[in-house]
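Asker: Below: one structure in structure tokens.
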Amino acid sequence: MGRIPIPRETLHLQASQVPLRRDTRSTSRTSLPGNPLAPSAARRFTRAALADWTSLGLLTTCTFCQGDEGCSPGEHSTDLLADDAVLIVDELVTNAVVHAGTTVELLCRLEDAGEDASGAPAGEGEEPAAVVLEVSDHHPARAIQSDATGQAPAGTPEYGRGLQLVAALAERWGITYRSGLKTVWARLPLEGRDPGQDQGTEPALRRGLRAAEILAPATRRTVRDDPEWTGRGALSFLAEASELLAGQLDEDLVAALAGQLLVPRLGEWCAVWLDGEGGQQGAAPRLARVWHADEAGIEPLRRILEKEPPRLPVSPRGGPVRMPWPGEGAGSDSGPGSGSGAALACRLVANGRALGTLVLGRPGQGPVPDEVTALIEDFARRVGLAIGAARRYTRQVTISRVLQRGLLPSQVARIPGIASSLVYEPSDDGLAGGDFYDVFPCPPGDRWCFMLGDVQGSGPEAAVVTGLARPWLRLLAREGYRVGAVLDRLNRLLLDDATEAAESASLMVAASAASAASAASAASGVSSPSATPSSPSEGGQARFLSLLYGELMPLPGAGGAVRCTLASAGHPLPLLLRPDGTVRPAAEPQLLLGVVEKVAYESSTFDLEPGDTLLCVTDGVTERRSGRRMLDDGDGLARALAGCVGLTAQGVAERIRQVVHDFDETPPEDDVALLVLQAT
């Protein structure tokens, strides 16, 4: 195919591997890198191939109206056919990049009627003319996941369902394995491609209502070119856009998606400005994203738009406002696209607060239809809500991270005669976790204390308890209280604090109820009985805490031994590993802190001899799940620790951390914290 260059990288695909037509102009191929830019390049390449075949006269039959008057040859072939071809290529190339990561070979071939897969004339029952698409990668050993029916198994991520989409659009498709090469091919017939007859298969795919098609639309199909879409497809477009935007937690990604959703479906170009966080007076908005139907026009358009941000009325409730076309009055070559058109600007609003501005450019001097203006306004409203949600999430994550850093020690103390290693991995839910740790010296300098705790729940409630427990423990330890007494007093402090919080909550509830009753009686003229406060136990939330707390004292003249005294309150028991490989619990189980007031906590004392290793973990380790199994079922943690004989403290910590992650394919859902203390 003369008009599309064939890179030299593809010359290693021999004719015996990829069948060629007798007319080489009807075959085009290219080689793409195995990175995220490959799908976009594949889409452009496929559209260019179909457009070139049309200009060469190789596509001469209109597959939409079958040659009726008023339709130029090939007009709909390179529109409707290109939509399906681009969608298939996008999915297959994306899958190749994600699952193989190698160089991707793309081949587009136009087959005449009567040809089989090899390009030779067929006999009886000859096949109609078709476009054949082939996507090859160099990782053939990785099998396609499917069940006996050929469908993707339940729970398959969305990006892994590309073959289902291919099966829905193609007449035939298949997978060919060669030495060092795997090829997925699909055959799209040229005849009978009437979009009005696809209601029995999957209309969302045909009408462009799926996200993949929206993000790779036909360059010439806009709302004003397709009135039927305005009436019937707009609601589906908005619903699909809402689903895409609502799942994003980064405001810049929301802006990027907005541009790709609008262009070229509703306009030629789009730009999104974002106001500063907090809406500071006088702060200039930031041009977060610029998108153009012609990718070569993005940077020139950005340079023009950066010079002057849009100025809209202060009221955030107005609809789209007509704006000057960028570059007007500065020369015919300074504006984007054709140099003139209609630019509409919408404020992006969430909860009554303006967050930014969306500007959409549509070429041509004609008025923008009212239905298009209304659609742009509805879309901008959804973009504003998505940006508002992303900012709230970012703010919450930032606060949680700052709070998490403040709740944990900046460093742990070094203990003479003890090598220590700590692993702390908070869950990725963006909330401050309930796990905490500390290692610190106590006066007069011959004792070192350590703790590993877990507060019930997560988020601000857990952070409050963590913020109280760790300083309380330090204070009690430095006041000279021994291990059991420290836990006794911490238990009472938690109960006293919870009771105080419960009393405050009950008083607030009673005051609110009394106020509401007074207002109701005043309105009705009927006196009401006085409200009775609820009991403290009904108004407050108990603050449960599991804790492993201990102290270490090096023994002079004992050959490097260190005396360890510890107690476990509702916490996973610490495990002691001896050099001979034996593992035993190093404490006795006791009740959680903050549950019952009259509890006497007891401690256990033993000596850590050189080579002994003490492993302390939170329930994020012992209760790590894989289906219905937990890591510590059947003493699984003890078996893992027994295999760590001869490792350093850091080696033991890393080995156990790896066991936790390898126990299941999904990441841990709970905080993971473990402390290793090894006598040297």
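The values are calculated or read from the model by the stated rules, or taken from the named source; none is laboratory data. None of the values given here were measured: they were computed from a predicted structure. No Cβ is skipped: glycine too gets one built from the backbone with ideal geometry, and neighbour counts run over all protein chains shown. Areas reflect the complete protein model, heavy atoms only, side chains present, ligands, DNA and RNA absent. Shrake-Rupley method; radii C 1.70, N 1.55, O 1.52, S 1.80 Å.
Asker: Using the Karplus equation 6.51 cos²θ - 1.76 cosθ + 1.60 (θ = phi - 60°), what ³J(HN,Hα) coupling, rounded to whole Hz, does each residue of the stretch 625-640 give in order, writing x for Gly and Pro?
Answerer: Here the 3J(HN,Hα) series is 9, 9, x, 8, 8, 10, 4, 8, 4, x, 6, x, 5, 5, 5, 5 Hz.
Asker: Okay, next question. With a 1.4 Å probe and all protein chains kept in place, how do R563, R489 rank by accessible area, largest first?
Answerer: Largest accessible area first, the residues go R563, R489.
Asker: Would you grab the residues whose amide H sits under 5 Å from the one on G611? Only those 5+ places off in sequence or on another chain, please, with H modelled 1.01 Å from N.
Answerer: A679, T680
Asker: Using unit Cβ charges (K, R positive; D, E negative) and no other charged atoms, how large, in debye to the nearest 20, is the dipole of the stretch 633-679 about its Cα centre?
Answerer: Computed charge dipole of the stretch 633-679: roughly 400 debye.
Asker: Can you list the trypsin sites (Lys or Arg not before Pro) in the stretch 586-675 that are in a DSSP coil and have 14 or fewer other beta carbons within 10 angstrom?
Answerer: Passing both the DSSP loop test and the Cβ count: K598, R628.
Asker: I need the shape label for the stretch 629-673. Rule: rounded when a/c is under 1.5, else prolate if a/b > b/c, else oblate, with a, b, c from the alpha carbon gyration tensor.
Answerer: On the way: a/c = 2.36, a/b = 1.40, b/c = 1.69.
Oblate.
Asker: Same structure, new question: Please give me the summed charge of the neighbours of F606: other residues whose Cβ is under 15 Å from its Cβ, Lys and Arg +1, Asp and Glu -1.
Answerer: Here the count lands on -3.
Asker: Taking only Cα atoms of the stretch 542-612, what ratio of Rg to Rh do you get with Rh as the Kirkwood inverse-distance radius?
Answerer: 1.06
Asker: Rounded if a/c is under 1.5, else prolate if a/b beats b/c, else oblate: with a ≥ b ≥ c from the C-alpha gyration tensor eigenvalues square-rooted, which is the stretch 570-670? Please report the intermediate quantities before stating the final value.
Answerer: Numbers: a/c = 2.32, a/b = 1.11, b/c = 2.10.
It is oblate, given that a/c is not under 1.5 and a/b is not larger than b/c.
Asker: Now for a separate question. Would you mind checking which residues have amide H under 5 Å from L355's amide H? H placed 1.01 Å from N; only 5 or more apart, or other chain.
Answerer: L348, V349, A350
Asker: Follow-up question, since we're still on this one. What ³J(HN,Hα) values, in whole Hz, does the Karplus curve 6.51 cos²θ - 1.76 cosθ + 1.60 give for the stretch 348-359 when θ = phi - 60°, with x put for Gly and Pro?
Answerer: For the stretch 348-359, the Karplus curve yields 9, 10, 9, 6, x, 10, 6, 10, x, 9, 10, 10 Hz.
Asker: For the stretch 579-596, in order, what is each residue's ³J(HN,Hα) by Karplus, 6.51 cos²θ - 1.76 cosθ + 1.60 with θ = phi - 60°, in whole Hz (x at glycine and Pro)?
Answerer: x, 7, x, 6, 10, 9, x, 9, 7, 9, x, 9, 6, 4, 7, x, 9, 10
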